[in-house]
Structures are given as structure tokens and as C-alpha cells.
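Values in this text are rule-based calculations from the coordinates and carry no lab data. All values derive from a computational prediction rather than experimental measurement. A quick note on method: Cβ atoms are made from the backbone with ideal geometry, for glycine too, and the neighbour counts reach across all protein chains shown.
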């Protein structure tokens, strides 16, 4: 009878351990899923902010100049790999040829302020929007 009781206790103990492992595994899986979903939400927010920057900077949006055939077509250049983030950022920060410095205009866009983006985060957001 003692052997049966011990066997039953040991079996219960093993089942409890397995259940705890499962709980830990499910908890870890849920954590990973939550991180992945929040990362997707942040990426979606970043694209929205990037679009709003493109549409609103300088009060009329970047497209007022960059959607005209005679000026650099930013989306096409980025998608073709001809304009990397470093060059894009440098031009926005320092200006180039007829392009004025744009960081102040970008940082003045409401959603950028609301999101609390740094200059580099705001520039990356508009770059990602243009590269999609």
C-alpha cells in the first residue's frame, strides 16, 4: 500500500512538473506573441507618422515639390536603392541644392510631437513610409 501511495504521489509530482513546464512554455509563447504584435503596432504607427510628415511638412507637404516630375522622386529613388537613409537624413538636416533644411518643419508636424520622436526617429519614419 505504501508503494502504491508513493507511486501515486510521484505520478502527481511529475504531472505537476509537466504542467508547470507547459505553463512556463505557454507564458513564454504569449510573451513572444505580445512583443511581436506590439512591434507590428509600432511599425504601423511609424508608417502613419511618416505619411503625415510627407503630407504636412512645410505646411503643404513634401509632395508639393517631390511629386513633380522635374524634382527628385523620393519614393522611386529609395525603392531603387539609390537613396539610402544616411544620405536622406543628411539632406533633410543640412539641405542640398534647392532643398532647404527640413528638420524644423518635420519636427513641427503634430503627430511627430505627439509621438515624442527624436529628429532621427522622425526622419526614419518618413523614409520607411517612402520605402513601402
Two-site label geometry, residue 47 and residue 118: point separation in nm, points 7 Å out along Cα→Cβ: 2.5
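Just order 94-100, 118-124, 58-64 by mean Cβ neighbour count inside 10 Å, highest at the front, would you? Working shown, then result.
On the way: 94-100: 11.3, 118-124: 16.7, 58-64: 14.3.
Going from most to least packed, we get 118-124, 58-64, 94-100.
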Model label zone, residue 105; criterion: amide N under 13 Å from point 7 Å along Cα-to-beta-carbon; scope region 45-65: 53-65
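How high is the FRET efficiency from residue 82 to residue 132, r the C-beta distance, R0 22 Å, rounded to 0.05? Present the calculation step by step, with values, prior to reporting the outcome.
Working: r = 17 Å, r/R0 = 0.75.
Given R0 = 22 Å and the Cβ-Cβ separation, E is 0.85.
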